[in-house]
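Shown next, in structure tokens, is the structure this report addresses.
No value in this document is a laboratory result; all are computed from the given coordinates. Computed from a predicted structure; not experimentally measured. Cβ placement follows ideal geometry from the backbone for every residue including glycine, while neighbour counts extend to all protein chains displayed.
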């Protein structure tokens, strides 16, 4: 599913579609993560498909080896500012239309609300983005070290 194919739908519907897709990928992701955890090296995973329920299961099985946080943003203007500042030609949002940027910002805020609710139910850490990207990154890295 390409975002451009669903952005005309309501935000709640797009969020539900993404959650359904993530739930369908849970078994595959769990298998991949468990195999990766058998290796001696650290690794980082990120993405909309990592749901709090899966991360919670990983904490239960490998509590000493798993550090997690869910990065969310509820500030639509902050999200839009970030989308508008993308300069990497390889990023699919680079040069996106205003309509696409607006729809993506709505999705990010809507998905953040859902992930926050799920993460709170699982007792997992939530990190809310601020307007200071560098400070946010430093705080996240400190936690994960």
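Take every Cα pair under 8 Å whose residues are at least 6 apart in sequence, average their separation, divide by the length of the chain, and the relative contact order is 30 percent.
Of 121, 116, how do they rank once you tally other Cβ atoms within 10 Å and put the fewest first?
Working: 121 11, 116 17.
Exposure proxy ranking, most exposed first: 121, 116.
Want the number for residue 76 to residue 32: 0.36 nm per residue separation, take away the alpha-carbon distance, what's left? Could you put the intermediate results ahead of the total?
On the way: separation 44, 0.36 × 44 = 15.84 nm, distance 3.30 nm.
Difference between extended and current length: 12.5 nm.
Can you give me the angle between helix 52-62 and the longest principal axis of the chain, using Cα atoms only, in degrees from 0 to 90, rounded to the nearest 10? That helix lies at roughly 20 degrees to the long axis.
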